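Single-structure report; data block below.
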Amino acid sequence: MDSILSTLNGEKRVEFLNQIATELRESEQDKAMTYSFEADSIAKELGNNSARSRALENIGWIYYRKGNWQKSFDYSSSAYELAIKENDKLQAARLMNNMGALYYEQQNHPKSIEQFRKGYLLATEVNDLATRIRSLNNMALNFTQSGQQDSALYYATISINLNKDAGSPYLTSFAHRVIGDVYLAKGRYDTAQVIYSKALDMARTQGIKSFEAGILHRLGNSYLLDNKLTQAEETLQYSIDFCRENGYLDELSKSHKYLSQVYTKKGNLKDAFYHQSEFLVLNDSLVNKNNRDRLILLQGMFEQDLANSELELLKAQNENQSLRLQATNRYAWIIGITALIIAGLGMRMFFLHRNVSKINHDLLDQQSKIEEQNQELERQSLELKAINETKNKLFSILGHDLRGPIGQIKSVFDLVLKNQLDKEEFFELIVFLKKDIDSVYFTLNNTLKWSMAQMEGFEINPVGFNLFESVKNTLDLLQASIKEKNLVIFNQLGEKINVFGDPDLIEVVIRNVINNSIKFSNPGDAITIYSEIEEDWLNLFVLDQGVGMKQEQIEEILSESYVITKSNLGTQKEKGSGLGLQLVKEFVKMNDGKIEIESHPGHGTKFCLKLPLLKSQIS
């Protein structure tokens, strides 16, 4: 292929690059991306908008396959504008499929089907068989997701019949997978297994690993529902190894889920619990990512709509300005001609002039109203952005950090209620449940404190109080976590250290800082708590021997911007929300304090809270 490229230049090179990028974009995405960017660069120099549209369409599709929906939307939109400009109906049909896929990820199936149907009609008009088949397959997939199985079967069957002329194994494999989904939904498991197996052979023949991963968990689930547990176990275990090796997280999550159900039916509760836990961790992460990506894509679509609205507004302003100039010129000519012809029409000219002034005044009023509307649109855009940011934070906390532990607790109690878990197994799992409950309690407490701090009218109540008591209360509360890791706590804080601030907020700060030290300490480590007085400040230090942090993490925590940092797992896979450090930063700032952090990876962390001393303590 490279030897062929070395002999090509100009239009022929662009055409060949676009062709091989289209062929490789499902199997060798990085190489296809490189070819597409080169094609776009050359086509831009040549002024070939159709070729540019084809290159940008390939780039948009590759970003879609990589899960970057915002970039996919941006490139596909640009490609569509170029296709419409050149009246390239075939390229527009392909891009309708790109846009339909993005609506599919938004779970807006009616809108997605509408885009694919437009693509099918355009492809039919220009007699492009491959794009017609692709559009039919995508419509069938959306009908299965919206529960319209008969419609899905109808469109998939049409696709297969058309594909006899095209001879594309990939497109046929896709249609067979959709038909397998239909028969699975109808409870015809044997038929679904035969069709899935046929689609799997086609995917392997083509070497399309992503498609193979999408079929494996479906085939395993059909065996599970048909009570063919041995075949289900073998297929799903292979799927887990295959998906983990190739990084297909969504398919890996589903494989863990179905394999957990297989082991439950076999009575192997230990393996069932393991795979259920793996499913919950992966699924929570994927749900959180998908919610975030959907919000980013919605924001991008909203911004494009807002830009279009502003453009229409500018057009209206220009039209008003043009009308005003035309009216002024018209009346000026009338006045001038009238003055030359009949001097006696001077009074009439006076009235005409007054009318012109009134029109100008009205136009100025309209322009003022348009400017006010622009300002209102900008304000609403900022409000929507703030709402989306808050929604992102709540999704991250409630969706990821609460549902996972509660889901595991529910799974265990479901097993108890079904008499599938004996007393010995229950007490074996109760240790894990206690850890999940502690995690939920800690996260809920942080979330409630953060929510109160965001409420309008929230006030702090600073008083003088004993810092030693706050530290002692925190250590008592976290005693279970300390004992579990066999940590040694050196509390060298003086018993009569008094500071000035809100005791409730400062105790939340101390609890989160010490909890972080426990979370990232290794079993048997030591944590030292001590203080130093520096002029009007009390410096409270929490020193641990844990995993430490990189300088980039420290800068992110101490930044002035409002950031909920990504929470890493503790040394024993303890979870967190990332909200704790934001609470520490906000509450210390509310109490006129400061934060300093020293840390190196692998050498522990020293966290310093600078709090105002009580005046009597200073003297």
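The values are calculated or read from the model by the stated rules, or taken from the named source; none is laboratory data. These figures come from a predicted structure and were not determined experimentally. Cβ: placed from backbone, ideal geometry, glycine included. Neighbour counts: every protein chain shown. Ligands, DNA and RNA are excluded from the accessible area calculation, which covers all protein heavy atoms including side chains. Shrake-Rupley method; radii C 1.70, N 1.55, O 1.52, S 1.80 Å.
Side notes on the structure shown:
- A count restricted to the stretch 479-506 and to residues that are assigned to a helix (DSSP H, G or I) and not polar (S, T, N, Q) stands at 8.
- Restricting the first member to the stretch 66-90 and to residues that are under 17 Å from GLY119 (Cα atoms) and hydrophobic (A, V, I, L, M, F, W, C), and the second to residues that are modelled with pLDDT of 90 or more and surrounded by fewer than 22 Cβ atoms within 10 Å (Cβ to Cβ), the beta-carbon pairs closer than 6 Å and six or more apart or on different chains are LEU82/ASN49.
- The lone criterion from (1) modelled with pLDDT under 90; (2) open to solvent by 60 Å² or more (accessible area, probe 1.4 Å); (3) in a helix (DSSP H, G or I) left unmet by GLN107 is number (3).
- The residues in the stretch 490-536 that are open to solvent by 60 Å² or more (accessible area, probe 1.4 Å) and touching an Asp or Glu at 6+ places or on another chain (Cβ under 8 Å) can be counted, and the count is 0.
- Subset tally (residues that are open to solvent by 30 Å² or more (accessible area, probe 1.4 Å) and modelled with pLDDT of 90 or more) for the stretch 480-489: 4
- Condition met for PHE541 (touching a residue at least 40 places away in the same chain (Cβ under 8 Å), open to solvent by 50 Å² or more (accessible area, probe 1.4 Å), among the aromatic types (Phe, Trp, Tyr) and assigned by the TED database to the domain that holds LYS585): no
- Residue list for the stretch 111-153, restricted to those being of a type in the set (Ser, Thr, Tyr) and crowded, with 17+ Cβ neighbours inside 10 Å: SER112, TYR120, THR131, SER135, THR144, SER151
- Here the strands (runs of 3 or more DSSP E) wholly within the stretch 507-609 that include at least 3 residues being hydrophobic (A, V, I, L, M, F, W, C) are 526-534, 537-544.
- Pair list, Cβ < 6 Å and 6+ apart or interchain, from the stretch 117-140 residues that are in contact (Cβ under 8 Å) with a residue 60 or more places away in the chain to residues that are crowded, with 18+ Cβ neighbours inside 10 Å and assigned to a helix (DSSP H, G or I): none
- Residue within the stretch 241-255 that is among the acidic types (Asp, Glu), under 24 Å from LEU141 (Cβ atoms) and open to solvent by less than 50 Å² (accessible area, probe 1.4 Å) present: yes
- Meets criteria (more than 25 Å from LYS472 (Cβ to Cβ), surrounded by fewer than 21 Cβ atoms within 10 Å (Cβ to Cβ) and of a type in the set (Ser, Thr, Tyr)) for SER559: yes
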